[in-house]
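Just so it is clear, none of the values below were taken in a lab; they were calculated from the coordinates. Please read these numbers as outputs of a predicted model, since none were measured by experiment. Ideal geometry is used to build each Cβ from the backbone, glycine not excepted, and the neighbour counts take in all protein chains shown.
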């Protein structure tokens, strides 16, 4: 099975990736793909950027516009940070979804590909037999 690893280093400018400053990253880049012309989305908040990388879409398409959102969980709109681990489940419970666009992992799974999470579940199920 072919495997791919996607490294996302938030806040690291491309001109800061040099042998003197980041020798290990430069070594990794020699054997992989390096996207020197990549540009961030706006707003360039961590969670927004991550959602854009995960889906391949701009924020207007995936629906996440900041590191905090207004969420109605039954008691009116309240500001909620999108950082805590339980955020996705809270958003799904309140709205029935997380992002408006499928992630790359979801798209790969739809055509029979395996993500790390899916493979872990398969291994656990195989061990039970």
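One decimal place: the segment residue 21-residue 39 gains 4.4 nm when fully extended, by the rule 0.36 nm per residue minus the C-alpha distance.
If R0 equals 35 Å, the separation of the Cβ atoms of residue 93 and residue 5 corresponds to a calculated FRET efficiency of about 0.65.
Adding -39500 (n - 2.57) for every DSSP H run of four residues or longer, then dividing by how many residues the chain holds, sets the calculated 222 nm ellipticity at -11000 deg cm²/dmol.
Here the spin labels are modelled as points 7 Å beyond Cα on the Cα-Cβ line, and at residue 105 and residue 28 they lie 1.7 nm apart. For the range 38-100, the alpha carbon convex hull comes to 80 Å³ per residue, rounded to a whole number.
Distances between every pair of Cα atoms in the range 14-128, grouped in 10 Å steps from 0 to the bin holding the largest one, split as 12, 29, 31, 22, 6, 0 percent.
Taking packing as the residue-averaged number of other Cβ atoms within 10 angstrom, the listed peptides 90-102, 17-29, 44-56 run from highest to lowest as 44-56, 90-102, 17-29.
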